[in-house]
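Scroll down for the structure; my scribbles are underneath it.
The values are calculated or read from the model by the stated rules, or taken from the named source; none is laboratory data. Computed from a prediction, not measured in an experiment: that's the story for all the values here. Here the Cβ positions follow ideal geometry from the backbone for every residue, glycine too, while neighbour counts run over all protein chains shown. Accessible surface is based on the protein model in full, side chains and every heavy atom, while ligands, DNA and RNA are left aside. Shrake-Rupley method; radii C 1.70, N 1.55, O 1.52, S 1.80 Å.
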Amino acid sequence: MRDKITQDLKVAMKAGERAKVDALRLINAALKDKDIEARGAGKTLSEEDILALLQKMIKSRQESVDIYEKAQRQELADKEK
């Protein structure tokens, strides 16, 4: 899964897809943080751990969209989507 994310990042950078590049960089940063945390505990991240992290990130973004829409900040909600 990591390789797929890295490859998608390269493709998005070459294609000039700014929003996709930003999202993939955010994912890579979260993965690196989780790697550091796991190394401290003497473990490595499994595919299930990566998937759980991605699901958590998606849930967080969806909650942000809901908050922005309730606050009538549609431009921020659109960006978050």
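Quick one: would you say D35 is surrounded by 14 or more Cβ atoms within 10 Å (Cβ to Cβ) and not basic (K, R)?
Details: surrounded by 14 or more Cβ atoms within 10 Å (Cβ to Cβ): yes; not basic (K, R): yes.
When the stated conditions are applied, D35 passes them.
Per this entry, E75 is counted among residues that are open to solvent by 100 Å² or more (accessible area, probe 1.4 Å) and over 16 Å from the mean Cα position of the chain (by Cα). Counted as qualifying within the chain are the helices (runs of 4 or more DSSP H) with 1 or more residues that are at pLDDT 90 or above and touching a Ser or Thr at 6+ places or on another chain (Cβ under 9 Å), namely 18-40.
Would you confirm, using the coordinates I've provided, whether E63 is surrounded by 11 or more Cβ atoms within 10 Å (Cβ to Cβ) and either touching a residue at least 40 places away in the same chain (Cβ under 8 Å) or more than 17 Å from the chain's Cα centre (by Cα) (or both)?
Here the answer is no, as E63 does not meet what is asked.
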